[in-house]
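Trainee: Just dropping this structure here.
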Amino acid sequence: MTAALADAAAAVLRGNDLGHLTVASPDLYPHQWSWDTAFVAVGISRVSVPRAVAEMTSLLAAQWPSGMIPHIVFDRPSAYFPGPERWRSELAIEPPALRTSGICQPPVHSLALACILQEGRRRGGSDRRTAEDFVAGTLPGWLAWHRWLAASRDPEGHGLVEIHHSWESGMDNSPRWDFPYSRVTPGEMEPFTRTDTRHVGEVRQRPTDEEYRRYIWLVDQMVAVRYDEEAIRKTIDFHVADVFFSALLALAAEIIGELAEEFGRRADAAEMSEVAARFRAGVAAAVDPETGLATDRDLRSGRLLHSAALSGFAPLISGAEADVLARQRELLLGPDWCGHRALRHAVPPSTSPAAAQFDRRRYWRGPQWPVMTWLFSWAARRHGDAELAGRLREEALRQLGDLSFAEYYDPLSGQALGSRAQSWTAAAALDWMAWS
Ligand code: 9WN
């Protein structure tokens, strides 16, 4: 079974490989996505270090002059909507060299750098050299990305990252965003046709048409100001402090700081360690003492966004004081989350099954996303909680035993949902299989 799972996962990644990049999934997402690429590179490094390096290199080639790593790189025509004609990145005040979207996604890239380096060193020889040369040579680019996030997305230094579209959170239609979206009222806009719903078994597994109208409205708002960050902050209808993105920035900055130190960049290392501390503190301050969950904030109204979404466990990602971590761990394994009695597999659902907003089949409103389980298990291992990491891994591997490598799963029945042969799901499996 174990060997079959690893073989099948590697076959999925080969099938989605265009040579220099891996598409996020064969039909639904036929391009390179930013945070998908990092997870994919972690998995591929277990098979080929040079190929993992190529993956990250192709993403970095799309970096904007500002330092932003865009959320999608469009390198070939496809029916994906919204494609480059709607994003119009060429109109940006400082346009990127490639055709890309105009927003970003959470910065999990330094996790991939660390994994590639570790795997290269474990294998030794040319893999070691390839990994070390790659990290040393591309550190300036990755540092610029983290620096841009810290400066442009937290200009006042609160330790929380602002986002301008829920696609930036990576959890597009999570209940986290229901309130801010209830205040986004699209005006007249160029008509469009969704293509995403053609690639899933049933429309209800995807966001609604109403949600899509708002998503595209926000894209149009950003194009209208030519992606000028200052202007976007003033004009965009969706303006939110994202606690999970912030936790990932804290973790990512800590890791890139360690890499900078190792490669002799002491000033960069000190700067990144400050960034990590700032965002870790921001996340800790966002924990609601009553629920124990971290909370986003709507920056237009000032309102705290209470929701029973997985992002509430942001401190488990960023790291926090021992008592905060202990409470979060207990909650995560408790009856409202992984320990809910109706769950088929004890891995974190995207929304608590005990919450009113829980929808077992709709995208980020209930289903379990294996890549999120991988992230929580990886972070737990890093933060010294091998027990939690091992539990999550074991359950997740059971879930993936159907070999569909689905994008997400119905938490109650265990049925595969969304895209099949999703690259980051296969990558998570490959990495888990290699854990000792
Ligand atoms: C929009 C590729 C991406 C993931 C996101 C996930 C989904 C895109 C979409 O797919 O979003 O970015 O078209 O629905 O929500 O996290 O990176 O796998």
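Trainee: Does S350 count as within 20 Å of the chain's Cα centre (by Cα), among the polar types (S, T, N, Q) and either farther than 20 Å from F244 by Cβ or open to solvent by less than 40 Å² (accessible area, probe 1.4 Å) (or both)?
Mentor: Yes: the conditions hold for S350.
Trainee: Quick one: which helices (runs of 4 or more DSSP H) lie wholly within the range 298-389 and hold at least 3 residues that are farther than 23 Å from G282 by Cα?
Mentor: Fully inside the range 298-389 and qualifying: 370-382.
Trainee: Further question on the same structure: Hey, does the range 35-43 have a residue that's of a type outside the set (K, R) and surrounded by fewer than 21 Cβ atoms within 10 Å (Cβ to Cβ)?
Mentor: Among the residues of the range 35-43, not one is of a type outside the set (K, R) and surrounded by fewer than 21 Cβ atoms within 10 Å (Cβ to Cβ), which makes the answer no.
Trainee: Still on this model: Please go through the range 69-100 and give me each residue that is touching a residue at least 60 places away in the same chain (Cβ under 8 Å) and within 17 Å of P30 (Cα to Cα), ordered by number.
Mentor: H71, A79, Y80, F81, P82, R86, W87
Trainee: Which of (1) in contact (Cβ under 8 Å) with a residue 24 or more places away in the chain; (2) under 18 Å from the mean Cα position of the chain (by Cα) does F134 not meet, given it meets every other one?
Mentor: (2)
Trainee: Among what's in the range 9-35 and is small (G, A, S) and in a loop (DSSP other than H, G, I, E, B), pick the residue that is nearest to the ligand (Cβ to nearest atom).
Mentor: Here the residue is A24.
Trainee: Mind listing whichever residues of the range 170-199 are within 13 Å of the ligand (Cβ to nearest atom), under 24 Å from A314 (Cβ atoms) and not polar (S, T, N, Q)?
Mentor: G170, M171, D172, R176, W177
Trainee: Could you please find all residues in the range 40-91 being in a loop (DSSP other than H, G, I, E, B), within 30 Å of R123 (Cα to Cα) and among the acidic types (D, E)?
Mentor: If the condition is that a residue be in a loop (DSSP other than H, G, I, E, B), within 30 Å of R123 (Cα to Cα) and among the acidic types (D, E), then no residue fits.
Trainee: Yes or no: the range 137-156 includes at least one residue that is open to solvent by less than 30 Å² (accessible area, probe 1.4 Å), of a type in the set (V, I, T), under 30 Å from E210 (Cβ atoms) and at pLDDT 95 or above.
Mentor: Among the residues of the range 137-156, not one is open to solvent by less than 30 Å² (accessible area, probe 1.4 Å), of a type in the set (V, I, T), under 30 Å from E210 (Cβ atoms) and at pLDDT 95 or above, which makes the answer no.
Trainee: Is there a residue in the range 243-253 that is out of contact with any Pro (no Cβ under 9 Å at 6 or more places or on another chain) and open to solvent by 10 Å² or more (accessible area, probe 1.4 Å)?
Mentor: No, the conditions are met nowhere in the range 243-253.
Trainee: Let me ask something additional. Within 14 Å of the ligand (Cβ to nearest atom), in contact (Cβ under 8 Å) with a residue 40 or more places away in the chain and aliphatic (A, V, I, L, M): which single residue out of I163, I236 fits that description?
Mentor: Answer to the selection: I163.
Yes/no matrix, rows are residues, columns are (1) of a type in the set (D, E); (2) without any contact (Cβ under 8 Å) to a residue 24 or more places away in the chain; (3) surrounded by 18 or more Cβ atoms within 10 Å (Cβ to Cβ):
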site: A354; (1), (2), (3): no, no, no
site: R365; (1), (2), (3): no, no, yes
site: P370; (1), (2), (3): no, no, yes
site: E387; (1), (2), (3): yes, yes, no
site: R398; (1), (2), (3): no, no, no
site: L417; (1), (2), (3): no, no, yes
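Trainee: Across the range 38-67, which residue is farthest from the chain's Cα centre (by Cα) among those that are within 16 Å of R99 (Cβ to Cβ) and within 15 Å of the ligand (Cβ to nearest atom)?
Mentor: A62
The values are calculated or read from the model by the stated rules, or taken from the named source; none is laboratory data. Model, not experiment: these values are computed from the prediction. Note: ideal-geometry Cβ built from the backbone for every residue, glycine included; neighbour counts use all protein chains shown. Quick note on the areas: whole protein, heavy atoms, side chains included, nothing else; ligands and nucleic acids left out. Shrake-Rupley method; radii C 1.70, N 1.55, O 1.52, S 1.80 Å.
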